[in-house]
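Before any comments, here is the structure.
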Amino acid sequence: QVQLVESGGGLVQPGGSLRLSCAASGSISTINLMGWYRQAPGKSRELVARISWTGITDFADSVKGRFSISRDYAKNTVTLQMNSLKPEDTAVYYCNADIQPWGSHIQNAYWGQGTQVTVSS
């Protein structure tokens, strides 16, 4: 079984920073995209940032210049560094990864359980 386990998150004041980490574990053959999505109350889930197997990154316009994403290919982890946080960044953040398990010929999308980020004074 493959699972994604997130850590980080919490309460931070506007202008502050937080770091989210996600580790993929289980019977994994390859991981293509790894990234983060978020969902605020009453809104649909949206892409925040993602990074491909080749290191190509993609960011939502709302976080460009404030957030960065990195990946440890040996440990199957992805980290989202969030700086200059704003109240509108408040949401549940979900880790996502496209993973091909051992013995499978296809990739599936896996999700973490979500971690709350609250930006408030």
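Considering only protein heavy atoms, what per residue accessible area in square angstrom results for the chain with a 1.4 angstrom probe?
53 Å²
Out of all Cα-Cα pairs in the chain, roughly what percent, to the nearest whole number, are more than 18 Å apart?
For the chain, the share of Cα pairs beyond 18 Å comes to 48 percent.
Please report, as a whole percent, how much of the solvent-accessible surface of the chain comes from carbon and sulfur atoms (probe radius 1.4 Å).
Carbon and sulfur: 50 percent of the exposed surface of the chain.
Rg(Cα) of segment 46-85 divided by 2.2 N^0.38 Å?
Here the answer is 1.16, to two decimals.
The values are calculated or read from the model by the stated rules, or taken from the named source; none is laboratory data. What you see is a predicted model, and the numbers here were worked out from it, not measured in a lab. Just the protein is used for accessible areas: all its heavy atoms, side chains included, with ligands, DNA and RNA removed. Shrake-Rupley method; radii C 1.70, N 1.55, O 1.52, S 1.80 Å.
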